[in-house]
Structure formats: C-alpha cells, structure tokens
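Below is one structure, written out as structure tokens, with a few remarks after it.
The values are calculated or read from the model by the stated rules, or taken from the named source; none is laboratory data. Being a predicted model, the structure only gives us computed values, none of them experimental. Neighbour counts run over all protein chains shown; Cβ positions are idealised from the backbone, glycine included. Ligands, DNA and RNA are excluded from the accessible area calculation, which covers all protein heavy atoms including side chains. Shrake-Rupley method; radii C 1.70, N 1.55, O 1.52, S 1.80 Å.
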Amino acid sequence: MNQLSDTFGRTHNYLRISLTEKCNLRCTYCMPEEGIPLKPKAHFMTSDEVVGIAKEFVALGTDKIRLTGGEPLLRKDFSEILYQLAQLPVELTLTTNGVLLDRFMEELVAAGVKSINISLDTLIPERFKTITRRSDFDRVQKNIELAQKNEIRVKINVVLMRGVNDDEIIPFIRQTLSSDVEIRFIEFMPFEGNNWEWEKKISEKEILQTVFNHFGSENIQPQNIAPNATAREYKIKGAKGKFGIISTVTHPFCDTCNRIRLTADGKVKNCLFSSQETDLLSAYRNKELITPLIIQNIMQKEHSRGGLDMSKPELVQLHENRSMITIGG
Ligand code: SF4
C-alpha cells in the first residue's frame, strides 16, 4: 500500500533521484555562468546509499524511479547503480543530455529502461554551442537515433526561452511528422542563478498560437491526459510522433502531482520549488529510521509550486531554492 499521500490526497509513487551535481554541459538556464561550488565527496550518496534509500521509498509505495543529475551518466558508478535499481519492482527511466548515451545503451536496454528523456533545446549546432557552452550537438543527435534504434521511447525536452530558441517551435514539431518522437516544450522556470524573468518564458498559450497559425487548429489533435501527466500533449494530424507542453509557470499541473525528489546529497524535496528539504542521508548513515522523515516531508507539501506565486517577480526573487543542476528537474 502506498503510504506517501499528502494533505491534498495526492499519492506519490514517482521518485526522481539526482545522482550528481556535475555536468559535462553548461546550459545557461540551469548552471550559473560561474558554475557551482562542488561539495566534498562525502556530502553525496554513495551507490549503496542511493540503492538503500531507494529501497525505503519502494517499501513506501514508489513504483517509478527516474535517474537525473546534473548529468547522471557522468557518475563513475552509474552502471552499478542502474543494475541494482533494475532489481527493484519499479519502472526505471532516465533524463540525460545525451552526450554519453552511446556508452551505456546496452546496459540501459539490459536494465529494462524503455523510455529516456533527452534535453535538446535547439536543432542548430551553432546555437547549441551558445546555450550549452559546449559543441556536442552531433553526438547528441546520433545518440537520439541510437536510442530509437534500440526501441527506447525518446522524449526530447526543450526549454523555450524568448529571443534564444522560440523560433524553433515549428522545426521541432516537424520532427514528429516523420518520426515517432515526443517533443516536450518546457516553460522556462526560475531557479537559483538562472537569471529568470517572467518575460523570458514562452507560455503554453503562445506555443499553441504559433502551432495553430502554422498548421491550422483543425489539424491539431489534443491527446488524452494520462493520470499524473506532466505535459498536455497534442498530435499533428497524420504525424507519427507528438508534442507536449510542460506549463509549470502559467498553467501548472500540480493537482495530480505524484513526484518526490531525492537530491544527490541525500535530501528529500516534496516539490521542484519547495525550499522545505529533509536530510535523509545523515539519518541513514546514523542507522536511524528514514521512513518517518519521508512521510513527514510529504505531509508538509504545499498544493502548488512549493507555495510560490510565479506571477509576482518580487516573490520569485525572494524565494529560496536550489539551482536546477542540484535538483535534477
Ligand atoms: S510544481 Fe511541485 S507540486 Fe507542482 S507538479 Fe511540479 S513538483 Fe508537483
């Protein structure tokens, strides 16, 4: 029985585990320009601690685990963690920037991973360099194809930013006409150090208007919203793939939220925007029971966005939260 229900009656069965605060890209909306100060190794969960704490969540009712980062594939013991978690009765998924995916494809398939989210914010190599401050565009493209060849469902996460890549909405959607890929447009969200401003995001409304203007609203088919969905999905008539919009800023989907986060330094976070974190790692290392801490943290969960009203920039500025790289999305 799932014991992870909050005061709004939402049941939490989906755990997102950040495996590292390191990344091999430097995306402008995630990583502060100056990088983040790296904490001593002892602050982070070892592979045994990741698996041990995950088992506690599974015992409480978690049945889906997503591995995130930073860049999870950078962890030297990623294979060990993947193998161990694959023994648990959970659906295992991954969010990656795709650069190193070719090195782990066989293991991911062997571990039963059926779906991978790959972050790619542009289809223009030069622009990739500007956004990520690295030049791995071709490698990411090749690894998307490799994942599809291995029959892994690929979802492409695209963070839309005004004046940066908002002119690529249609080119991304065109990818779905001939390929069974899912493009997910993400409204730019505020995190520590990413210079977020309300005007910089491209809203769900603007995205849909752009799509309607180009394809004609009669050719856009809304898809059924799955329980606990994080995106509202659409399909162009006759297309193989589909696109979705993750509108956390203007049209959040918190009513059915089933997500909990475990940070690389072993803190449980009941919402992407919550500044209420509970340290599980210290308790775990002291051989104390961590399940009461997890349940208590969930019971403190706000209904939406950690209680943050994003339409009030002054509140966003004051809101304490981590940088995206130390949460893992
Ligand atoms: S903003 Fe928080 S409550 Fe809303 S869907 Fe995301 S994690 Fe859940």
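Here are some notes:
- If R0 is 41 Å, the Cβ-Cβ spacing of Ser135 and Lys287 corresponds to a FRET efficiency of close to 0.30.
- Filtered GluC sites (Glu not before Pro), region 288-329: DSSP coil and at most 15 other beta carbons within 10 Å: Glu288, Glu320
- The length gained on full extension between Tyr83 and Thr46, counted as 0.36 nm times the residue separation minus their Cα-Cα distance, comes to 11.9 nm.
- Pairs from Lys55/Lys287; Lys22/Lys287; Lys267/Lys301; Lys142/Lys205; Lys64/Lys205 whose Cα-Cα separation, in the structure shown, is over 21 Å: Lys22/Lys287; Lys142/Lys205; Lys64/Lys205
- Rg and Dmax, both from the Cα atoms of region 26-106 and both in Å, are 14.1, 40.
- Protein heavy-atom surface of the chain, 1.4 angstrom probe: 51% of the accessible area is carbon and sulfur, with nucleic acids and ligands not counted.
- Beta bridges per DSSP with both ends in region 14-327, % antiparallel, nearest 5: 25
- Near Asp136, once Lys and Arg are set to +1 and Asp and Glu to -1 for all other residues with Cβ below 12 Å from its Cβ, the sum equals +3.
- Comparing Leu82, Leu15, Asn213 along the charge dipole axis of region 14-327, the residue lying farthest to the positive side is Leu82, per the Cβ-charge model.
- For region 1-54, GluC sites (Glu not before Pro) are listed when DSSP marks them as loop and at most 16 other Cβ atoms sit within 10 Å of their Cβ; the list is Glu33, Glu34.
- Gain in span if fully extended, Asn219 to Glu91, counting 0.36 nm per residue against the direct Cα distance: 42.7 nm
- Furthest towards positive pole of dipole, Ala147, Ile186, Trp198, structure part region 132-199, Cβ charges: Ala147
- Positive dipole terminus of region 14-327, leading residue within Leu60, Thr248, Met31 (C-beta point charges): Leu60
- Each Lys or Arg adds one and each Asp or Glu takes one away; over the other residues whose Cβ falls under 13 Å from the Cβ of Tyr234, this sums to +1.
- Computed from phi, the 3J(HN,Hα) profile of region 86-103 under the Karplus parametrisation 6.51, -1.76, 1.60 (θ = phi - 60°) reads 5, 7, 7, x, 9, 7, 9, 9, 9, 10, 9, 8, x, 4, 9, 4, 4, 6 Hz, with x in place of Gly and Pro.
- 222 nm mean residue ellipticity, helices alone, for the chain (DSSP H n ≥ 4; -39,500 (n - 2.57); rounded to 500): -8500 deg cm²/dmol
- Average accessible surface area per residue within the chain, 1.4 Å rolling probe, Å²: 44
- Annotation for Met1 and Lys114: the two label points, set 7 Å from Cα along the Cα-Cβ direction, are 2.8 nm apart.
- Sites Lys142 and Gln276 - FRET efficiency at Förster radius 56 Å, r taken between beta-carbons, to 0.05: 0.85
- Debye, to nearest 20: dipole size of the chain, +1 on Lys, Arg Cβ, -1 on Asp, Glu Cβ: 360
- Normalised contact order of region 14-327, rounded percent, pairs of Cα under 8 Å and 6 or more residues apart: 20
- Share of pairwise Cα separations in the chain, more than 28 Å, in percent: 40
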